[in-house]
Amino acid sequence: MTIERTFSIIKPDATARNLTGAINTLIENAGLRIVAQKRVRWTKTQAREFYAEHKARPFFAELVETMTSGPIVVQVLEGEDAIASYRALMGATDPAEAKRGTLRKRFAESKGQNSVHGSDSAASAKREIALNFTTKEIVG
Ligand code: DAT
Ligand code: MG
């Protein structure tokens, strides 16, 4: 049994549709604990740094625009195998490919407007949590 932490974002398309509570309910029902949470709006600089691994991709400018278009809710989720478990709950990047019951199948509008983010590895989780939270803001 490995208790892990992962980093999550409820994206602007989801906050715009007032889906924070609905998404949080599904996160908690999946056995993940929200141990840090805040509603913020990123600057372009913050979005570019967060998604730096994608800077050469054709969708990078659109991604930065999308992620700075409105408020987001950033979170730290804790639980058994939290990283893989939250990726499974999120579903595929493209909602057309996401499985039934996943957050993206339920809520995402398109590949770009896909409602949620979750770290893809332990190294990403560590980096993404450190970019968005101080250790004092995380209360396990
Ligand atoms: P994920 O968020 O599932 O980890 P990713 O890391 O490949 O997916 O991409 C990061 C985000 O970039 C994704 O959530 C939405 C956006 N994105 C990815 N591919 C895209 C595309 N082909 N067109 C528009 N946006 C895209
Ligand atoms: Mg990713």
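Numbers at a glance
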read-out: Residue that is farthest from ligand 2 (Cβ to nearest atom) [pool: residues in segment 85-106 that are under 16 Å from the mean Cα position of the chain (by Cα) and surrounded by fewer than 16 Cβ atoms within 10 Å (Cβ to Cβ)]; value: Ala88
read-out: Residues within segment 97-114 that are within 12 Å of ligand 1 (Cβ to nearest atom), assigned to a helix (DSSP H, G or I) and either among the aromatic types (Phe, Trp, Tyr) or touching a Leu at 6+ places or on another chain (Cβ under 9 Å) (or both), tallied; value: 1
read-out: Residue pairs meeting the criteria (Cβ under 8 Å; at least 6 apart or on separate chains; first under 16 Å from Thr20 (Cα atoms) and without any contact (Cβ under 8 Å) to a residue 12 or more places away in the chain, in segment 61-72; second more than 10 Å from ligand 1 (Cβ to nearest atom) and assigned to a helix (DSSP H, G or I)); value: none
read-out: Matching residues, segment 65-88, being near ligand 1 (Cβ under 10 Å from one of its atoms) and more than 17 Å from Asp120 (Cβ to Cβ); value: Thr66
read-out: Segment 115-140 - residue that is assigned to a helix (DSSP H, G or I) and under 20 Å from Val64 (Cα atoms) and, of those, nearest to ligand 2 (Cβ to nearest atom); value: Ser124
read-out: Cβ pairs under 8 Å, 6+ apart, first in segment 4-27 and touching a residue at least 40 places away in the same chain (Cβ under 8 Å), second of a type in the set (Asp, Glu) and buried (at least 21 other Cβ atoms within 10 Å of the Cβ); value: Phe7/Glu128
read-out: Close pairs from segment 92-116: first at negative phi and in contact (Cβ under 8 Å) with a residue 40 or more places away in the chain, partner basic (Lys, Arg) and in a helix (DSSP H, G or I), Cβ under 7 Å, at least 6 apart; value: Asn114/Arg104; Val116/Arg104
read-out: Top-ranked residue in segment 117-132 [being charged (D, E, K, R) and either touching a strand residue (DSSP E or B) at 6+ places or on another chain (Cβ under 7 Å) or within 14 Å of ligand 1 (Cβ to nearest atom) (or both); ranked as nearest to Lys38 (Cα to Cα)]; value: Glu128
read-out: Qualifying residue in segment 26-34 (condition: buried (at least 18 other Cβ atoms within 10 Å of the Cβ), within 17 Å of Asn132 (Cα to Cα), touching a strand residue (DSSP E or B) at 6+ places or on another chain (Cβ under 7 Å) and of a type in the set (Val, Ile, Thr)); value: no
read-out: Residue match in segment 47-61 (condition: away from ligand 2 (no atom under 16 Å from the Cβ) and hydroxyl-bearing (Ser, Thr, Tyr)); value: no
read-out: So Thr135, is it loosely packed, with under 13 Cβ neighbours inside 10 Å, away from ligand 1 (no atom under 12 Å from the Cβ) and over 25 Å from Ala16 (Cα atoms); value: yes
read-out: Only listed residue being in contact with a Phe, Trp or Tyr (Cβ under 8 Å, 6 or more places away or on another chain) and at pLDDT 95 or above, chosen from Gly101, Gly118; value: Gly118
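The values are calculated or read from the model by the stated rules, or taken from the named source; none is laboratory data. Every value quoted in this text rests on a predicted model; they were computed, and no experiment measured them. Glycine gets a Cβ as well: all are built from the backbone with ideal geometry, and neighbour counts include every protein chain shown.
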